[in-house]
Each structure stands twice: as C-alpha cells, then as structure tokens.
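Peer 1: Below you will find the structure I want to go over with you.
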Amino acid sequence: MSSASRLDSFSEFDAPETRTQSNDQHPRLASSPVLMQSQAVVKSYRKGKIEIPVLHGIDFEVREQEMVSIVGASGSGKSTLLHLLGTLDSPDEGEIYFEGNRIDNLPAASREILRNQYFGMIFQFYHLLPELTTLENVLMPVMIQYPFMKYLGKRRALKKRAKELLEMMGLSHRLRHKPKELSGGEMQRVAIARALISEPRLLLADEPTGNLDRDAGMEILDILRTLNDQHNLTIVMVTHDLAIAEMTDRTVRLAEGLVTSV
Ligand code: ADP
Ligand code: MG
C-alpha cells in the first residue's frame, strides 16, 4: 500500500480529477483568500566588499489551499525566497504579509512563533536531529513550543498525534529508529510529520525530493498532494524538477531576480 493511499483513509474529501496551471481556471482556488504575499521583495548577500544581488523585486502570492511550485535555475534565488517567506531571513526592501499581517519586520520572538506554530518547513537534507528517534524528532517542535510543565500535561495527546502522523507517513514500524537507520525517503517522511505536528497553516518545502531517487521522490510528492487535496494544507514548494512542478496547481519561475508565470 502506498503512503498516499494510507493517507486517503484519513480523509472524507475527494481529490479533484484534474489539475490546471492557472488559478484563473481553478474556481476553488481563485476565490480563496490570499494566505501569504510578498511585495517588491529585494535581497542581496554581501561577501566582504562584494554584493551579490539575488532578488530584484519579487511579487508572489499563495492562496489558501493552493499548492504552488517555484522553479528556476540553480542559484536563481529559490531558497532565498523561501527563507524570506518563512521568516528565516529578512528582505532588504519590500514587504511580506501572512493572513494580511506584515511579518517581515516582526521582532525575532514573534517570527519564532510564526515558524514554530504557523509554518511547517521541510528541506532537501531533512535536518533531523541524529541522536533522537523518529518519534522524538516529530515531537521536537512541540517540546520547544510549550513550557516544560505544560508539555508534560499534553505529552500523552501529543505523542498520540505524533504516532498518527507517522502512521500516515507509513512509518509506524520505525518509531524508535534513529535517522541514520532510515532511507532518504523515510527521513523526509519523518520531516513531514515533524512539520505537521503543530498543525501549520502553510507548508514551505525547499527541494523536498532533491536528494531522492525517482520512486522515493514520487512518494513524497504523493504525500504532499494528498495533504493539499484532502487535508487542505497550503503548500509552497521549491523544485528544479519540472515534472514535479507539473504536479502542483500553479508554477512560478524565478529568473533574473524576478517572478514570472510559467
Ligand atoms: P537556489 O535555491 O535557486 O539555487 P539560492 O537562493 O540558494 O538559489 O542562492 C541564490 C544566490 O545567492 C546564489 O548565487 C548563491 O550563491 C547566493 N547565496 C545564497 N545564500 C548566500 C549566503 N548566505 N551568502 C552569500 N551568498 C549567498
Ligand atoms: Mg536552493
């Protein structure tokens, strides 16, 4: 049984039969409110005296329940943009809004709350903690989120949720394994479960299949598609793989520091 069909059994929603590349042709999404938006975002890096301009004025938006992909050549600024959207870094100019509220200029503590409770993030190299088990890795965000005594009070329910998420990811038999005992696809599925433990409003994914072979990559895509189609999770996914981008609702391309529709 594939991970996707295991996920299917958790939902009462039916998947749409067809995908389109534009929200104009996608009534469900065209009427959805904008969840996150960047306006004229500019970003450069400085290395010594050299300035490396990366983003020149990015206008980007994702609507609730949309699954959008961002494509572009290596070095075009895809990760930079995703990090800015996820408040891991700040733009030099421009603004970023989440649910209509400006977020790029928030104090560090507020940005941390956003990252911990509102955004889930997954990366090409999983970023699991090597000394923790699968189950402990998934619980890590909520252990950080709650004061210790509060965590203890909630531990049973949180553990149950973590186990359910890992079951959805097809990893019930891997709860006590360490990351080094897992395949790449399995590690990414642990990372997805960890990203979902706080019930985020938005999943940001940076090349989630970039380190996986075709089959393992497709399994991850199936999971993300199911989370979007059946659990209404909004997803922004960076990829350099056009075949994978085609599986999303809409694709935007980054080139020369600007966003263009494909
Ligand atoms: P992509 O994800 O599309 O491959 P990135 O956003 O990682 O592109 O990088 C865009 C450009 O910015 C590249 O030229 C890269 O070398 C440069 N860059 C990225 N991060 C840094 C950094 N922390 N310091 C300096 N330059 C960086
Ligand atoms: Mg990148």
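Peer 1: Most fluctuating residue of Ala191, Ala162, Ala108 in a GNM of the chain with Cα springs under 10 Å: which is it?
Peer 2: Top of the fluctuation ranking is Ala108.
Peer 1: Can you send over the carbon and sulfur percentage of the accessible area for the chain, probe radius 1.4 Å, protein chains only?
Peer 2: Answer for the chain is 50 percent, counting heavy atoms of protein chains only.
Peer 1: Among 41-49, 209-217, 237-245, how do they line up from the highest to the lowest mean number of other beta-carbon atoms within 10 Å?
Peer 2: Numbers: 41-49: 12.9, 209-217: 16.0, 237-245: 19.6.
The densest-packed peptide leads the list: 237-245, 209-217, 41-49.
Peer 1: Here's something else I'd like to know. Given Cβ point charges of +1 (Lys, Arg) and -1 (Asp, Glu) and nothing else, what value in debye, to the nearest 20, does the dipole of the stretch 3-261 about its Cα centre take? Please list the in-between numbers first.
Peer 2: Details: 31 positive and 35 negative charges, 250 e Å.
So the dipole magnitude of the stretch 3-261 works out to roughly 1200 debye.
Peer 1: Hand me the tally of lysine pairs in the chain: alpha carbons under 18 angstrom apart, and the pair either on different chains or 8 or more positions apart. Write down the numbers at each step before the final one.
Peer 2: On the way: Lys43/Lys78; Lys150/Lys159; Lys150/Lys160; Lys154/Lys163; Lys159/Lys178; Lys163/Lys178.
Lysine pair count for the chain: 6.
Peer 1: Further, regarding this structure: Just grab the label-to-label distance for Lys47 and Asp213, each label 7 Å out from Cα along the Cβ direction, in nm (one decimal).
Peer 2: Each label point lies 7 Å from its Cα, and together they span 3.4 nm.
Peer 1: Right, something else. Run lengths n ≥ 4 of DSSP H only: what is the helix-derived mean residue ellipticity at 222 nm for the chain, with -39500 (n - 2.57) per run over all residues, to the nearest 500? Provide the component values of the computation, followed by the final result.
Peer 2: Values: 9 runs with 92 residues, N = 262.
Roughly -10500 deg cm²/dmol at 222 nm, from the helical runs in the chain.
Peer 1: So, one more: Ratio of the chain's C-alpha Rg to 2.2 N^0.38 Å, to two decimals?
Peer 2: Normalised Cα radius of gyration, the chain: 1.00.
Peer 1: Further question: Net charge around Ile96, counting only other residues with Cβ within less than 9 Å of its Cβ (Lys, Arg = +1; Asp, Glu = -1)?
Peer 2: Every neighbour counted, the sum reads -1.
Peer 1: Relative contact order for the chain: what is it in percent, counting Cα pairs under 8 Å that are at least 6 residues apart?
Peer 2: So the answer I get is 32 percent.
Peer 1: Considering the chain as a Gaussian network with a 10 Å cut-off on Cα pairs, which listed residue, Met67, Met168, Met149, attains the greatest mean-square fluctuation?
Peer 2: Highest fluctuation of the listed residues: Met149.
Peer 1: Follow-up question, since we're still on this one. Skipping prolines and chain starts, which residues have an amide H placed within reach, meaning under 5 Å, of the one on Leu35, given they are 5 or more residues away or on another chain?
Peer 2: HN-HN under 5 Å from Leu35: Val62, Arg63, Glu64.
Peer 1: Of the residues Ile192, Ile58, Ile144, which exhibits the maximal mean-square fluctuation in a Gaussian network model of the chain defined by a 10 Å Cα contact cut-off?
Peer 2: Ile144
Peer 1: Considering the dipole of the chain built from charges on the beta carbon (Lys and Arg +1, Asp and Glu -1) around the Cα centre, which of Leu88, Leu171, Gly100 is farthest to its positive end?
Peer 2: My answer, from the dipole projection, is Leu171.
Peer 1: Suppose all protein chains stay in the model; what accessible area per residue would a 1.4 Å probe give for the stretch 3-261, in Å²?
Peer 2: The answer is 48 Å² per residue.
Peer 1: Figure the gain on full extension for Arg155 and Ala40 (residue separation times 0.36 nm, minus the Cα-Cα span) and round it to one decimal in nm.
Peer 2: 37.1 nm
The values are calculated or read from the model by the stated rules, or taken from the named source; none is laboratory data. The model shown is predicted, which means the values in this text are computed figures rather than measured ones. FYI the Cβ positions are ideal-geometry reconstructions off the backbone, even for glycines, and counts take in every protein chain you see. Only protein heavy atoms, including side chains, enter the accessible area calculation; ligands, DNA and RNA are left aside. Shrake-Rupley method; radii C 1.70, N 1.55, O 1.52, S 1.80 Å.
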